[in-house]
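The values are calculated or read from the model by the stated rules, or taken from the named source; none is laboratory data. A quick note: this is a predicted structure, and the numbers were derived from the prediction, not measured. Reconstructed Cβ throughout: ideal geometry from the backbone, glycine too, with neighbour counts over all protein chains shown.
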Amino acid sequence: MGFFSRTSSSGNGASKVRALAGSHVAQCLDANPAVQRAQIDAAQFYYHPEFLSPAQCDQLIGLIDTNRRPSTLLSDNPDANFRTSDSCDMDRWSPLVRPIDESIAALLGVDPSHGETMQGQRYAPGQQFRAHHDYFHQGESYWPEVSKQGGQRTWTAMIYLNDVTEGGATWFPQAGIKVAPKRGLLLAWNNMNPDGSPNDKTLHEGMPVVQGVKYIVTKWFREGSWMAY
């Protein structure tokens, strides 16, 4: 689980550390009979149905509703219409959050210290998150700072907390995957290519909700220890 180390490699170049992360996590997920791998070549992409129980989903929804705030962007030129949801940063040490947080890391075979704070998101009708990558772009002004805080993002895990009447799918247009919200369903994907360079085919968007409200939680993992900073 502790195979990561600090790296000075370029955020947009190949990296042995990130390549190892990709192969290690894939091995863990491939060996898990509850996990299904998407049959695509564009990216390493996995599904785990019913990863969370209905009771866990309801508890997380309650936390999001209580602590939500307008979502923000890491960008030099933010567009107010780009990400219109509400977000909630979870207390990773709380009795409710910690078991879920650590169970995600265990599923992927990653040391929990490499995981960012789990974030909840709420999408009301009309709200969306336009097409974006989860990995950090070296050309953005934030890169020098995030490169010191655990480095590049490797894997993403996202869990739907409820079904949505209409809309709200997660769409990966270049990979050819579109997933409708399903209560308890966990998605996991590697934001890197096999050589450890950022995979631009992981571009994805949270499509606008048409009817209902969508709740999700997202957990991002870094190549180095995020909690050490």
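Say whether the condition of being closer than 27 Å to PRO49 by Cβ and within 15 Å of the chain's Cα centre (by Cα) is met by at least one residue in region 142-153.
Initially, region 142-153 is screened for residues closer than 27 Å to PRO49 by Cβ, giving 153.
Among the residues that remain, those that are also within 15 Å of the chain's Cα centre (by Cα) are: 153.
Yes, region 142-153 has at least one match.
Report yes if ALA43 is closer than 20 Å to PHE221 by Cα and either hydroxyl-bearing (Ser, Thr, Tyr) or touching a Lys or Arg at 6+ places or on another chain (Cβ under 6 Å) (or both), otherwise no. Write out each step before concluding.
Values: closer than 20 Å to PHE221 by Cα: yes; either hydroxyl-bearing (Ser, Thr, Tyr) or touching a Lys or Arg at 6+ places or on another chain (Cβ under 6 Å) (or both): yes.
Taking the combined requirement at face value, the residue satisfies it.
Looking only at region 116-149, which residues are within 18 Å of ILE64 (Cβ to Cβ) and either touching a Lys or Arg at 6+ places or on another chain (Cβ under 9 Å) or among the acidic types (Asp, Glu) (or both)?
GLU116, THR117, MET118, GLN119, GLY120, GLN121, ARG122, TYR123, ALA124, GLN127, GLN128, PHE129
Would you please name the residue that is surrounded by the most Cβ atoms within 10 Å (Cβ to Cβ), looking only at residues in region 161-177 that are of a type in the set (A, V, I, L, M, F, W, C) and part of a strand (DSSP E or B)? Steps first, answer last, please.
We begin by selecting, within region 161-177, every residue of a type in the set (A, V, I, L, M, F, W, C); these are 161, 164, 169, 171-172, 175, 177.
The next check asks that each one be part of a strand (DSSP E or B); those that pass are 171-172, 177.
On the way: TRP171: 15, PHE172: 22, ILE177: 20.
Here the residue is PHE172.
So, in region 209-227, exactly how many residues are closer than 20 Å to LEU52 by Cβ and of a type in the set (Lys, Arg)?
2
For the list (1) modelled with pLDDT of 95 or more; (2) charged (D, E, K, R); (3) assigned to a helix (DSSP H, G or I); (4) farther than 21 Å from PHE82 by Cα, I need the number of the one condition that LYS201 fails.
Answer for LYS201: the failing condition is (4).
Checking LEU73 against (1) closer than 30 Å to GLN127 by Cα; (2) at pLDDT 95 or above; (3) surrounded by fewer than 18 Cβ atoms within 10 Å (Cβ to Cβ): exactly one of these is not met. Which one?
(2)
Just one of (1) over 19 Å from ALA180 (Cβ atoms); (2) touching a residue at least 40 places away in the same chain (Cβ under 8 Å); (3) more than 14 Å from the chain's Cα centre (by Cα) trips up HIS132, so point out which.
So HIS132 meets the others, but not (3).
Test ASN12 against the criterion of being part of a loop (DSSP other than H, G, I, E, B) and within 19 Å of LYS219 (Cβ to Cβ), and give yes or no.
Working: part of a loop (DSSP other than H, G, I, E, B): yes; within 19 Å of LYS219 (Cβ to Cβ): no.
Spelling it out, it is not the case that ASN12 is part of a loop (DSSP other than H, G, I, E, B) and within 19 Å of LYS219 (Cβ to Cβ).
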